[in-house]
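Undergrad: This structure is in C-alpha cells; I'll ask about it shortly.
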Amino acid sequence: MNFDFSDDQKMLKDQAHKFLSEKCTPKAVRAVYESGSTYDRALWKQIAELGWAGTAIPEQYGGLGLGYLELCVIAEELGRALAPVPFSSTVYQFAESLLVSGSEEQKQRLLPKVASCEIIGTLARAEGVGAVLPKNIRTTFRNGKLNGKKTAVVDGMDAGYAVVLARGSDDAGERGLQLALVDLKQAGAKRRAQQSIDPSRSHAELTFENANAEALGKQGEAWSDLNRVLDRAAVLMAFEQVGGADVCLQMAKGYAMERYAFGRPIASFQAIKHKLADMYVANELARSNAYYGAWALSTGARELPLAAAAARVSATQAFDFAAKENIQTHGGVGFTWEFDCHFYYKRSRELGLALGAQRVWKDKLVTQLELSNAA
Amino acid sequence: MDFEDSPEEAKFRAEVRAWLDANAKPKASRDTGDALGEDDKTSLKAAKAWQAKKAEKGYARITWPKEVGGLGGTPMQQVIFNQEEAKYDVPNTGAFAIGLGMCIPTVMAYAGKDVIARYVKPALRGDEIWCQLFSEPAGGSDVAALRTRAERDGNDWIVNGSKVWTTGAQFSDYGILLTRTDPTVPKHKGLTMFYLSMKSPGVEVRPIKQASGASGFNEIFFTNVRIPDSQRLGEVGQGWQVALTTLMHERLAVGGGTGGGLDVPQLLQLARELEIEDGPAIKNAAVREKIADWYVRSAGLKYTTYRTMTALSRGQQPGPEASIAKIVVASKLQDLSAFAMELEGEAGALTGEDALDQGAFQMGWLSAPGLRIAGGTDEILKNIIAERVLGLPQDIRVDKDVPFNKAPTGR
C-alpha cells in the first residue's frame, strides 16, 4: 500500500508552499480585489519562471513532463494561497483540452507556449443560466467560422485562446457538438468583463461574430472529450479546494484560540470545538477522495470518471462548509471587508461552480456507479 | 502512488493465505457482519476453537512479542492478516476483541511477570474471555465520575456498586475494574484499577435489553466483592492513568466499525429495484443526490484507511485522520437506513420475514443510535478531535479541583 505522495512530490509541495507564502499573501489577493486588475501579473510571471504550467505537459510539447501527481501538489498550494492567476483555466482546462482532443500539429504549436505561460487559455462552455447541456448549446462552428455568445468564462478577459463548445452540424443533440479552438485576438472575437462573486477570478462574456476558428478533435466526440477534460480538471481543482478548506480550518482555529468571550477563549466552547471537528472530518474525507482522484488521473485508470466526481463533490462540500463556518467562528469581524475570511467564502463558491455545480457531478457520480454495476 | 504490497508484504500475505487455505474455507458471499457484537452463545465454542488455532501460529495477535504468544510482527502485517481472514468463512472472534484489544494490554502494562505469564496466553487462545468494567449509570462519557467503591480491608479490597454497558460480561471469565478508592479527593485522583474473576462471589451479571431488542450489553452488580490487593493494576489513586492506557486502545478497536455492512451498494440495489412516482427510484434526482452524498463519505473513509495503512506500511505512526471513522460511519448508517425506509414507504415499517431483505435497513436503523454512543459518543469523539488533533483547549470543568464527594451531581 503506497497511497501517498512520494518524498520528491512532497518536497515540490513544500517548495511551492514556501514560494506562495512569500509571493502570494492575502495582501496580494486583496491587491487584485482592490485594484480592479484581473489577475496578479507579477505572480504569473514568477510562476512562468518556475515552469509550473508545464508540470504535466509532456517534454515533447515543451513541458516538464513530471506528471499529474506533481501538478496536484502544486494545485493544493495554489488553492491554499487563493492564487489570483489564470492557472486553472490555462493548465487544467485549456492545456488538457489540447492533450485530449488536439492534433499533433495543434499540440506542437500551442502547448510549449502554455508551458511557458506565454499563452493564457480558457474553456468556454455556458451560454446562460442553468446547467451546460448539449441541447442548450447555440454557438455554431461552420466552415471555420464561429458565431455565438459564451458567458461566465473564467479568465476570459486575459485569455489569448479559448476552446469553445459549439454546434458543428444541424444535429441538435450531443452528436452535433464540436469543440473549436479560437484565437481571441481578432476582430470577430469580443469580450466584456462580467462581475462575479469572486473578484480574484475574472469572468467574461465572449461574443463571436464570424470569428476564425479551427476544429479541436472530431465532431461527435466533443461532448465525451469535454467530459474527459472536466474529469481531469475536477481532480486538480479538488486539490485547490482541499487547500482552501484547510486554510479556513486553520484560520478558524487561530481566531478561536485568541478570541476571548465570557472570560475564556471561544475555542474552549463545545459549540466551536464541534464545528471545527466537523470541518476537520469533512476536510479529511475530501483529501482522501482527492488522493484517489489523483491516483486515477496519474495512472489513466478507467475509474477516473467516478474518482473525479467523488473528489469534486467531496472537495466542494468541504470547502463550502469550512469557508462559511470560518466566517461564523469569527463572528462580526469575519464579515468585514478588512478580514480575509470573505476571500475564501467567495472562492469556495466560485470553484464549486466553475466546472459545473454539485448537482451535475452527483448525477455523474451515480451514473458511473450504475455503469460499473452493469459491467 | 499505488495500492500494491511491498515484496515483504506480498510474501507475508502469501503465507497467511496458504495458512488460511489449509485451515478454513473461502467465503461464498459477503455477509452483513454484526455491528454491535450481538453474538449468541452457540457460536462461542466455534470462535474459541478458531482463536486457539490462530494463537498456535502467532496469528491471534500479530504485533505482540513472541514471548507472550504473538508473532512479533508489524501493524501492517496485522492489517494484511485481517484483510485475508475476512475473505474466509471463519467464526466471528469479536468476543475476544475487548480482552485482547484493551484489557490484556492494560494488564501487560501494569501487572508483574507472573500475572502476565498466567493470563496473556489463555486470553490469546480464547480460553479465557475478558471484559472492561468502566462505565456506570453515573459515569458514561464522564467515566471518571464513577461511584463503585473499593474499600481497603487488610490485604483485600471490598467492592460495592454497579457497572453498565459492559460488552460480553455474560460470557467473560475476567474483567478489569475501575473503582473509587477515595471520594475525598478530586474525581480523577481517587480512582484505582483492579482485575478480578467474574466468578467472584458477589458479582451478578444481568443482560440489558436494548432499544433494538437485542442484548449485547450487561449491567453488573457488585455486592461486597472481595479482591486481593495483589490484583491491583497500578498504584492506589492512579486508576485514571491506567484507564487512559485502556481507553487509548478502545478508540483503536471501536474506531474500525463498519456499520453492519449496510452502505451505498445496498441502497443502490434497493433504488434499482424499487418503482416510485416517476419510475425506478434510481432515476430520481433526489435519490441520486442522496446516494452521491453517502458515497463520497464512504469512499472518503475507505481511502482514509488506505492513507493510514500507507503510514503503517512505511513503518510510520498513522496520522490523526484515523479518528474520524466512527463519527462518519454511525451517522451515515442512521441516515442511510432511514432514507431506505422512506423509499420503501409504508411497508418500510415492517421487520422480520415480511420486510424487504428480512428488514436489513430497519435493523440498521434500530442499531444506529447504539453505534453513535458505544465506544465514545459522537460528541465525545468530536471533543477528542478538537482537543487532541486540533489542539483546542479543554472545556472548563467545574468539578475538576473539587473533592468528589462535594462535586455537584444533580441528584
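For every residue, the table says whether it meets (1) more than 30 Å from B:Pro137 (Cβ to Cβ); (2) within 14 Å of chain A (Cβ to nearest Cβ); (3) in contact (Cβ under 8 Å) with a residue 40 or more places away in the chain; (4) hydroxyl-bearing (Ser, Thr, Tyr).
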position: B:Gly352; (1), (2), (3), (4): yes, no, no, no
position: B:Ala360; (1), (2), (3), (4): yes, no, yes, no
position: B:Leu371; (1), (2), (3), (4): no, no, yes, no
position: B:Gly391; (1), (2), (3), (4): yes, yes, no, no
position: B:Pro408; (1), (2), (3), (4): no, no, no, no
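Rundown of residues vs (1) without any contact (Cβ under 8 Å) to a residue 60 or more places away in the chain; (2) among the aliphatic types (A, V, I, L, M), yes/no style:
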| position | (1), (2) |
| --- | --- |
| A:Asp7 | yes, no |
| A:Gln15 | yes, no |
| A:Leu20 | no, yes |
| A:Glu70 | no, no |
| A:Val73 | no, yes |
| A:Tyr92 | no, no |
| A:Gln106 | no, no |
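For (1) charged (D, E, K, R); (2) farther than 22 Å from B:Asp142 by Cβ; (3) in contact with a Cys (Cβ under 7 Å, 6 or more places away or on another chain), each residue gets a yes or a no:
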position: B:Tyr174; (1), (2), (3): no, yes, no
position: B:Thr181; (1), (2), (3): no, no, no
position: B:Lys187; (1), (2), (3): yes, no, no
position: B:Met193; (1), (2), (3): no, no, no
position: B:Pro201; (1), (2), (3): no, yes, no
position: B:Glu204; (1), (2), (3): yes, yes, no
position: B:Asn218; (1), (2), (3): no, no, no
position: B:Thr223; (1), (2), (3): no, yes, no
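Undergrad: Is it the case, given these coordinates, that B:Thr304 is part of a loop (DSSP other than H, G, I, E, B) and either touching a helix residue (DSSP H, G or I) at 6+ places or on another chain (Cβ under 7 Å) or more than 26 Å from B:Ile80 (Cα to Cα) (or both)? So that I can check it myself, show each step before the final result.
TA: Details: part of a loop (DSSP other than H, G, I, E, B): no; either touching a helix residue (DSSP H, G or I) at 6+ places or on another chain (Cβ under 7 Å) or more than 26 Å from B:Ile80 (Cα to Cα) (or both): yes.
Answer is no for this residue.
Undergrad: Just a yes or no: is a residue in segment A:250-266 farther than 30 Å from B:Gly391 by Cα, aliphatic (A, V, I, L, M), in contact with a Ser or Thr (Cβ under 7 Å, 6 or more places away or on another chain) and at pLDDT 95 or above?
TA: no
Undergrad: A further question on this structure: Out of A:Met257, A:Met251, I need the residue that is in contact with a Pro (Cβ under 6 Å, 6 or more places away or on another chain) and among the aliphatic types (A, V, I, L, M). Which one?
TA: Result of the check over A:Met257, A:Met251: A:Met257.
Undergrad: Hey, among the residues in segment B:308-351 that are outside any helix (DSSP H, G or I) and among the small types (Gly, Ala, Ser), which one's surrounded by the fewest Cβ atoms within 10 Å (Cβ to Cβ)?
TA: B:Gly315
Undergrad: Against the condition within 10 Å of chain B (Cβ to nearest Cβ) and at pLDDT 95 or above, how does A:Lys364 come out, does it pass?
TA: yes
Undergrad: Scan B:Val225, B:Val164 and give me the residue that is in contact (Cβ under 8 Å) with a residue 12 or more places away in the chain, in a strand (DSSP E or B) and in contact with an Asp or Glu (Cβ under 8 Å, 6 or more places away or on another chain).
TA: B:Val164
Undergrad: Touching a residue at least 40 places away in the same chain (Cβ under 8 Å) and away from every other protein chain (no Cβ under 13 Å): does that describe A:Ser372? Reasoning before the result, please.
TA: On the way: touching a residue at least 40 places away in the same chain (Cβ under 8 Å): yes; away from every other protein chain (no Cβ under 13 Å): no.
Judged against the criteria, A:Ser372 is not a match.
Table: residues versus (1) within 8 Å of chain A (Cβ to nearest Cβ); (2) closer than 24 Å to B:Lys382 by Cβ; (3) not hydroxyl-bearing (Ser, Thr, Tyr).
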site: B:Asp293; (1), (2), (3): yes, yes, yes
site: B:Arg297; (1), (2), (3): yes, yes, yes
site: B:Thr304; (1), (2), (3): yes, yes, no
site: B:Arg307; (1), (2), (3): yes, yes, yes
site: B:Gln316; (1), (2), (3): no, no, yes
site: B:Pro320; (1), (2), (3): no, yes, yes
site: B:Ser323; (1), (2), (3): no, yes, no
site: B:Ile327; (1), (2), (3): yes, yes, yes
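Undergrad: Counting only residues that are in a loop (DSSP other than H, G, I, E, B), within 14 Å of chain B (Cβ to nearest Cβ) and in contact with a helix residue (DSSP H, G or I) (Cβ under 7 Å, 6 or more places away or on another chain), which one in segment A:1-54 is nearest to A:Asp158 (Cα to Cα)? Quick ask: steps written out before the conclusion?
TA: So the first thing to find is which residues in segment A:1-54 are in a loop (DSSP other than H, G, I, E, B), and the list is A:1, A:3-6, A:24-25, A:36-40, A:51.
Keeping just the survivors that are within 14 Å of chain B (Cβ to nearest Cβ) gives A:1, A:3-6.
Imposing the further condition that a residue be in contact with a helix residue (DSSP H, G or I) (Cβ under 7 Å, 6 or more places away or on another chain) reduces the set to A:1, A:3-5.
Values: A:Met1: 43, A:Phe3: 38, A:Asp4: 36, A:Phe5: 33 Å.
Looking at the filtered set, the residue picked out is A:Phe5.
Undergrad: While we're here: How many residues are charged (D, E, K, R), outside any helix (DSSP H, G or I) and touching a helix residue (DSSP H, G or I) at 6+ places or on another chain (Cβ under 8 Å) when one looks only at segment B:364-399?
TA: 3
Undergrad: For segment A:299-344: of the residues being surrounded by fewer than 22 Cβ atoms within 10 Å (Cβ to Cβ) and under 20 Å from A:Ser202 (Cβ atoms), which is farthest from the other protein chains (Cβ to nearest Cβ)?
TA: The qualifying residue farthest from the other protein chains (Cβ to nearest Cβ) is A:Trp337.
Undergrad: Output the residues belonging to segment A:48-65 that are under 19 Å from A:Gly102 (Cα atoms), surrounded by fewer than 22 Cβ atoms within 10 Å (Cβ to Cβ) and touching a residue at least 60 places away in the same chain (Cβ under 8 Å).
TA: none
Undergrad: Let me ask something additional. Tell me, which helices (runs of 4 or more DSSP H) lie completely within segment B:21-118 with 1 or more residues that are modelled with pLDDT under 90 and among the β-branched types (Val, Ile, Thr)?
TA: So the answer is B:42-57, B:75-85.
Undergrad: Identify the residue in segment A:109-125 that is surrounded by fewer than 18 Cβ atoms within 10 Å (Cβ to Cβ) and not charged (D, E, K, R) and, among all such residues, is nearest to the chain's Cα centre (by Cα).
TA: Among those that are surrounded by fewer than 18 Cβ atoms within 10 Å (Cβ to Cβ) and not charged (D, E, K, R), it is A:Ser116.
Undergrad: Here is a follow-up. State all residues of segment A:255-274 that are surrounded by 13 or more Cβ atoms within 10 Å (Cβ to Cβ), within 11 Å of A:His330 (Cβ to Cβ) and not hydrophobic (A, V, I, L, M, F, W, C); if no residue qualifies, say none.
TA: Within segment A:255-274, A:Tyr255, A:Arg259 meet the criteria.
Undergrad: Next question. Could you list, in sequence order, the residues of segment A:126-160 that are in contact (Cβ under 8 Å) with a residue 12 or more places away in the chain, assigned to a loop (DSSP other than H, G, I, E, B) and either out of contact with any strand residue (DSSP E or B) (no Cβ under 9 Å at 6 or more places or on another chain) or crowded, with 24+ Cβ neighbours inside 10 Å (or both)?
TA: Answer for segment A:126-160, where residues must be in contact (Cβ under 8 Å) with a residue 12 or more places away in the chain, assigned to a loop (DSSP other than H, G, I, E, B) and either out of contact with any strand residue (DSSP E or B) (no Cβ under 9 Å at 6 or more places or on another chain) or crowded, with 24+ Cβ neighbours inside 10 Å (or both): A:Ala131, A:Ile137, A:Asp155, A:Gly156, A:Ala159.
Undergrad: Which residue out of A:Met251, A:Met257 is of a type outside the set (D, E, K, R) and within 10 Å of chain B (Cβ to nearest Cβ)?
TA: A:Met257
The values are calculated or read from the model by the stated rules, or taken from the named source; none is laboratory data. All values derive from a computational prediction rather than experimental measurement. Don't worry about glycine lacking a Cβ; one is built from the backbone with ideal geometry, like all the others, and counts go over all protein chains shown.
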